[in-house]
Amino acid sequence: MDHGTVIEATKAVVTLDIALPGIIWGWMITLNMWAKSIGTGVVLVGAFLLHRHKKEEMPNLRWLMPLISFIALNIFLFFTLIDLHQPLRMINIFLHPHWTSAITVGAWMASLFTGLIMLMAVIGAFDAFPDFRRHCSIAKSVRAKSSLYEKVFPFVVFLALPVTMYTAIIMAQSSARELWVGAPELIQMLLAAFMVGSASLILISEKWSAEVKKDLAMILAFSVAFSFTMYMGEYFFSFKAAEVEATLAFVHSGGAYNVQFWFAMVLGFIIPFFIAKGSMTNYNPTLMRFAAVTTLIGLYMAKDVWLKIPQLLPLS
């Protein structure tokens, strides 16, 4: 080779040659994923209930479901934004989108999803409060379009699936994070949505019919059981890579996150399963509200552990 030839690749400039220490994705991302699961989960579970039962059996579902979803989604979007190093650059996702990026696609879907949910919440609220509707100048036009609720709802349900799962793709794309594998994380994200979606609706189901409540208990029981099974599969039988074993050492006996992990499993999965299983035949509203609260707390703790422990291994 001619010694006078300059190889462009040798001009690389090293700006960071050590691994970033500590946890980069912390409680904000945990809260982000947890809130997103609530926002999408109430829609998925609500759609199932509306398919199986008459809306008269769930008198407040049509407006509380989108309201809960709207609040949770805005928490999700808010903490996504403030976690960015340059939040104002977020606008470039909409002005100059790159459709090969999971973040770009997810941001567009989440924004569209939130907008449609807001529309459903407004229509549902006007339908639920006739006295307010009579005294509101814009209520008549909104009421006239109440059929729009049924037309928008299928698109919202369709969007809820990718919105709740796309974070798993972002995690799977993270280099040197062998615990975060696309397929299992996709399933766990979906199960998390059904867990906290059913738990959130249980808390507002006091006036609902007995059959609807039993369906909620069924959804909670099955979702926590399947999710717990996946966690245990990783915990006991994950031998695909040395990094996974080293990561899970943080939750094994003596690990730094052992207590939090098992507390999350008991609080968010084991206790709700047995309560919900019993309520599938003999519904106990007090115990089910307790199970709903423990599910919400336990899932947050489990997500927190699963997010943090892979980041504790050095990348170099």
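Taking the condition modelled with pLDDT under 95 and in contact with a Phe, Trp or Tyr (Cβ under 8 Å, 6 or more places away or on another chain), does Leu248 pass?
Values: modelled with pLDDT under 95: yes; in contact with a Phe, Trp or Tyr (Cβ under 8 Å, 6 or more places away or on another chain): yes.
Criteria met by Leu248.
Might you check whether a residue that is among the aliphatic types (A, V, I, L, M), in a helix (DSSP H, G or I), within 30 Å of Glu206 (Cα to Cα) and in contact (Cβ under 8 Å) with a residue 12 or more places away in the chain occurs anywhere in the range 273-283? Break it down into steps so the answer makes sense when it comes.
Initially, the range 273-283 is screened for residues among the aliphatic types (A, V, I, L, M), giving 275-276, 280.
Retained after the next criterion (residues that are in a helix (DSSP H, G or I)): 275-276.
Applying the additional criterion that residues be within 30 Å of Glu206 (Cα to Cα) yields 275-276.
Checking which are in contact (Cβ under 8 Å) with a residue 12 or more places away in the chain leaves us with 275-276.
Yes, the range 273-283 has at least one match.
Return the total of residues in the range 251-272 being touching a residue at least 40 places away in the same chain (Cβ under 8 Å) and in a helix (DSSP H, G or I).
Result for the range 251-272: 7.
The values are calculated or read from the model by the stated rules, or taken from the named source; none is laboratory data. Since this is a predicted model, take the numbers as computed values, not measurements. FYI the Cβ positions are ideal-geometry reconstructions off the backbone, even for glycines, and counts take in every protein chain you see.
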